[in-house]
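Read the structure below first, then the notes.
The values are calculated or read from the model by the stated rules, or taken from the named source; none is laboratory data. Just so it is clear, the structure is predicted and the values come from calculations on it, not from any experiment. Cβ sites come from the backbone with ideal geometry, for glycine too, and all protein chains shown count toward neighbours. Heavy atoms of the whole protein, side chains included, go into the accessibility calculation; ligands, DNA and RNA do not. Shrake-Rupley method; radii C 1.70, N 1.55, O 1.52, S 1.80 Å.
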Amino acid sequence: RLSVTALGTVDETTNMVTTAINAFKLKGEEAQKVYGYIFEATKNGKTSLSELAQGFDAVAGTVAMANIQLPEYLSAVAALTTTGLPAAQAHAELKSVIAGVTRESKELTAVLNQLGAKSFKDLIDKKGGLVNAFKAITDAVKNDDAAILQIFGSMKAYNAVVQLSGDLNGAYTEGLESMKVGTEELNVAFEKQKNTVSAQWQTMKNNLETLSIQVGSALL
């Protein structure tokens, strides 16, 4: 269903979902919600599942270790793509942000002390999320571009932080809120599309691909 509605293959869907579940250590109901999260990211962003999957493998583990939740990360990626930025580049920018804050520079330490946080992870907990942490830092330095660049360490990181805490904050917030009903909306979207010729053809290909994966797993 996700492959049909989010414009991707079963293989891409399987790889992305499996990576997300393993990296973020999701189980049970939370693991099932991953399909809805990915669907909402493609729906709210200017991207497809195929594009969203590019670069996700390389960053998922880093994101999880930084104490960033999957829905907020995918919402941030989706918001960045609304400007025309490719999803792979959005992944790269957010990875640069994480790399920047793990350097523990004196500039970052000073701002964290000002905000009463021991680390960037601690700031995420205190502020209730990744983008809220960005906003707290940019507010603390009074939106000084040079200071933001010093704290996060690169132009890639700067671009993501400034946009998500500024012009794209509304798109990010709306996207994150929609994640709560992602699975239901995925099912509704599939029901609307399944009777079209293109969807029926895609579903047939997906079923064959799924069968080949099952046969391959059995042989292994």
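Some observations on this one:
- Extending 7 Å from the Cα toward the beta-carbon at both Leu220 and Val181 defines two label points whose distance is 3.8 nm.
- Dipole magnitude of region 1-124, debye to nearest 20 (Cβ charges: Lys/Arg +1, Asp/Glu -1, about Cα centre): 180 debye
- Percent carbon-and-sulfur accessible area, the chain, ignoring ligands, DNA and RNA, probe 1.4 Å: 54 percent
- A Stokes-Einstein calculation at 37 °C with viscosity 0.692 mPa s, built on the Kirkwood radius of region 21-166 over Cα pairs, returns a diffusion coefficient of 213 µm²/s.
- Global geometry of region 21-74, whether rounded, prolate or oblate, following the gyration tensor of its Cα atoms and the 1.5 cut on a/c: oblate
- Heavy atoms of the protein chains alone define the surface here; on that basis the chain has 51 Å² accessible area per residue at 1.4 Å probe size.
- Our summary gives region 128-220 a relative contact order of 19 percent, counting only alpha carbon pairs under 8 angstrom and 6 or more residues apart.
- Computed [θ] at 222 nm, helices only, for the chain once each DSSP H run of length n ≥ 4 contributes -39500 (n - 2.57): -23000 deg cm²/dmol
- Prolate/oblate/rounded label for region 1-52 (Cα gyration tensor, a/c 1.5): prolate
- Spatially close lysines, pair count over region 100-189: Cα under 24 Å, gap of eight or more or interchain: 25
- 15 Å beta-carbon shell around Thr14, net charge (K/R +1, D/E -1): -2
- From the alpha carbon centroid of region 143-220 to that of region 55-125 is 17 Å.
- Of the residues Phe120, Tyr73, Gln202, the one whose Cα sits farthest towards the positive end of the charge dipole of the chain is Phe120 (charges of +1 on Lys and Arg Cβ, -1 on Asp and Glu Cβ, taken about the Cα centre).
- Relative contact order [Cα under 8 Å, 6+ residues apart], the chain, whole percent: 27 percent
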